[in-house]
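The next block holds one structure in the form of structure tokens; read it before the comments.
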Protein chains: 2
Amino acid sequence: MEQKLIGWIEQHLKEHRFADDAPDSDLPPNVVLGVGDDGAILAARNLPQVLVADSIVDQVHFDLNVHDVSDIGHKAIAVNLSDVAAMGAVPESALVSLVLPRSFTFDKAQRLFSGITATADRFGAQVIGGDTCSHDGPLVINVSLTGRIPCDSNSPHGWRMAGARSGDLIVVSGPLGGSILGRHLKFEPRLQLASSLQKRIEIHAATDISDSLSTDLSHIIRKSNVGAELDCMKIPVSDAAHELSISSGETPLQHALHDGEDFELLLTMSESSFATLHDDPGFDNTLKAIGRVVDDHVGSILNAATFEKIVPSGYEHG
Amino acid sequence: MEQKLIGWIEQHLKEHRFADDAPDSDLPPNVVLGVGDDGAILAARNLPQVLVADSIVDQVHFDLNVHDVSDIGHKAIAVNLSDVAAMGAVPESALVSLVLPRSFTFDKAQRLFSGITATADRFGAQVIGGDTCSHDGPLVINVSLTGRIPCDSNSPHGWRMAGARSGDLIVVSGPLGGSILGRHLKFEPRLQLASSLQKRIEIHAATDISDSLSTDLSHIIRKSNVGAELDCMKIPVSDAAHELSISSGETPLQHALHDGEDFELLLTMSESSFATLHDDPGFDNTLKAIGRVVDDHVGSILNAATFEKIVPSGYEHG
């Protein structure tokens, strides 16, 4: 199965024109050598490069008995695309490593890989290498992804967690909570939004909400040496959070605060930057200011209405 | 365990001076942002970049019941370093993704990660990111590695499988076979040799022997559209191949031809290039010419003495 799959992958990527024996002119301009050798080669480029990597595992990040393999493929690369978006970068090249259960059929492996490349293509990333093996264990998919900080960026050194400043607004890119009901497999990485923001304003700190709003915000404020006050009434709560609250015993707001895998952007920016975006209905409908960065109670998140601490919690994978 | 381990990893890497809150001057010159954010950032560099990725899995590539975890860590990164050597490149930055069994202790995870960083350090690579999770399954380690083709290289576009020319000598960098007896965990990636060769001569085709001499040579000749004749008497046979042959029912030569995971370099070069190296006892003791590239029987490997076909076979992982 392994050799047969590698042969198919090489053919599949060649049809996408990224294989090593396609004419050079058919390769994307930054790829000198694609899949099929010991490694891939990228051309020298005079832009800072972002590198991210994430593994997803059956029964931890998805359930092979329930979820469609092409959706699982989408998730495997989308979690990495979301990290690239959270760095204010544009994705370029992906390495895909598959550890397949021995019972996996060739057809399933094809649909999994096609799910990965379809999403890669849609967001302008090229699969240029990786490896594959089979074992007596669960499906594990690792994707590593490179990206570039665009030259016309307002933050030419990339977005980081450590730059939040007192007075910044805390902004999220969409409704939160209840992603376990399906969104965690289907989410769209916020690359287009990140790219538009890079051109328009300066972002002081950024991450994507993978663990939970409370946990990921706590990373930003700890690394930036500041505190945060959340206006909980302004946190956009997803329909899924409402639906889940019926059975979970938690409020919809608790789901929005503490659920993981929404993969929305969590940003801090000056009030004047946020005001700039108000002219544009695209941003106004998407971005919600939910609180403020402060210079006291460093490392803690307070509910701005009650001054009670919001204790970070979220799903720990494993 | 996951959060505790990530904290320890960040601290461990900071002590190795590659963490994000170390002063900028303490970071290696090409690393702008190290571990601890959504991704790492590398500075723009005007050199072609090599990208490789490989996963190793318990009960496929090692046995956690038998092998030392720090040796397993060594292997996880060394298989990737070997790929970088086989591209004629110098390693730079590594992303490490760990999928740990739930029974894994914190101490074991520390020794595993330390095994990875010790080997990375020794070969000039920096661990700059990755991720970690736990599950009800076997240990899986994925490493992705970037490298650069040096500017003083005789092959500025990197070494590839596809460049073998009729008349080239086929050369290996050391004795082969029987690596299952221990060498597959302890091998030294041939980076120093690759780097010396890059400065001295032009290499026409290259790979590392991961599947087997016969299989990896068949990749070179297929991609180069040539044939090969092996002088089997000249193939360097390891002591381990002799030892294994006592119990296996195979000859030592069969082990040298068909065993995997020796991670020696397999190269083709002109006869005059090989002669150049004869002045230097360092190369003379290491590199052995074992056959010749020919322009007939394309895609096949013949025994030069008997003109019988040598059928590629090797260990298929999974």
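The values are calculated or read from the model by the stated rules, or taken from the named source; none is laboratory data. Computed from a prediction, not measured in an experiment: that's the story for all the values here. Here the Cβ positions follow ideal geometry from the backbone for every residue, glycine too, while neighbour counts run over all protein chains shown.
Numerical summary
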item	result
Enumeration of residues in region A:46-91 that are closer than 16 Å to A:His157 by Cα and at the interface with another protein chain (Cβ under 7 Å from one of its Cβ atoms)	A:Asn46, A:Leu47, A:Pro48, A:Gln49, A:Val50, A:Leu51, A:Val52, A:Asp83, A:Val84, A:Ala86, A:Met87
Some residue of region B:159-171 being surrounded by fewer than 24 Cβ atoms within 10 Å (Cβ to Cβ), closer than 30 Å to B:Asp37 by Cβ and at the interface with chain A (Cβ under 9 Å from one of its Cβ atoms)	no
Hits in region A:146-163 (condition: in a loop (DSSP other than H, G, I, E, B) and not hydrophobic (A, V, I, L, M, F, W, C))	A:Pro150, A:Asp152, A:Ser153, A:Asn154, A:Ser155, A:Pro156, A:His157, A:Gly158, A:Arg160
From A:Leu257, A:Leu253, A:Leu230, residue being surrounded by fewer than 21 Cβ atoms within 10 Å (Cβ to Cβ) and assigned by TED's automatic domain parsing to the domain that holds A:Arg292	A:Leu253
Every residue from region B:164-196 that is farther than 30 Å from B:Asp63 by Cβ, assigned to a helix (DSSP H, G or I) and at pLDDT 95 or above	none
Only listed residue being in the same structural domain as B:Leu33 (by TED's automatic domain parsing) and over 16 Å from the mean Cα position of the chain (by Cα), chosen from B:Gly130, B:Gly124, B:Gly167	B:Gly130
Selection within region A:62-97 - surrounded by fewer than 24 Cβ atoms within 10 Å (Cβ to Cβ) and part of a loop (DSSP other than H, G, I, E, B)	A:Asp63, A:Leu64, A:Asn65, A:Val66, A:His67, A:Asp68
A:Leu193 vs. criteria surrounded by 21 or more Cβ atoms within 10 Å (Cβ to Cβ) and of a type outside the set (Val, Ile, Thr)	no
Scan of region B:221-238 for residues that are part of a loop (DSSP other than H, G, I, E, B) and within 14 Å of chain A (Cβ to nearest Cβ), ordered by number	B:Asn225
Residue within region A:45-61 that is at pLDDT below 90, over 21 Å from the mean Cα position of the chain (by Cα), among the basic types (Lys, Arg) and under 24 Å from A:Ala109 (Cα atoms) present	no
Leading residue by the ranking (nearest to A:Ser144 (Cα to Cα)) among those in region B:108-141 that are more than 8 Å from chain A (Cβ to nearest Cβ) and assigned to a loop (DSSP other than H, G, I, E, B)	B:Ala125
Long-range neighbours under 9 Å by Cβ, at least six apart or interchain, first residue assigned by TED's automatic domain parsing to the domain that holds B:Ile201 within region B:266-293, second in a strand (DSSP E or B) and of a type in the set (Asp, Glu)	B:Leu266/B:Asp208; B:Gly291/B:Glu229; B:Arg292/B:Glu229; B:Val293/B:Glu229
Residue match in region B:201-220 (condition: within 16 Å of the chain's Cα centre (by Cα), away from chain A (no Cβ under 14 Å), within 22 Å of B:Asp259 (Cα to Cα) and not in a helix (DSSP H, G or I))	no
Condition check for B:Pro150: away from chain A (no Cβ under 12 Å), touching a strand residue (DSSP E or B) at 6+ places or on another chain (Cβ under 7 Å), surrounded by fewer than 24 Cβ atoms within 10 Å (Cβ to Cβ) and under 12 Å from B:Met87 (Cα atoms)	yes
Yes/no for B:Asn225 being modelled with pLDDT under 95 and either among the acidic types (Asp, Glu) or over 26 Å from B:Ile77 (Cβ atoms) (or both)	no
Residues within region A:274-289 that are within 19 Å of A:Glu188 (Cα to Cα) and of a type outside the set (S, T, N, Q), tallied	5
Matching residues, region A:177-192, being out of contact with any Ser or Thr (no Cβ under 6 Å at 6 or more places or on another chain) and touching a residue at least 40 places away in the same chain (Cβ under 8 Å)	A:Ser179, A:Ile180, A:Leu181, A:Gly182, A:Arg183, A:His184, A:Leu185, A:Lys186, A:Phe187, A:Glu188, A:Leu191
From B:Ile301, B:Ile246, B:Ile220, residue being touching a strand residue (DSSP E or B) at 6+ places or on another chain (Cβ under 7 Å) and under 28 Å from B:Leu185 (Cβ atoms)	B:Ile220
Filter result for B:Leu100 (in contact (Cβ under 8 Å) with a residue 12 or more places away in the chain and either in contact with an Asp or Glu (Cβ under 7 Å, 6 or more places away or on another chain) or part of a strand (DSSP E or B) (or both))	yes
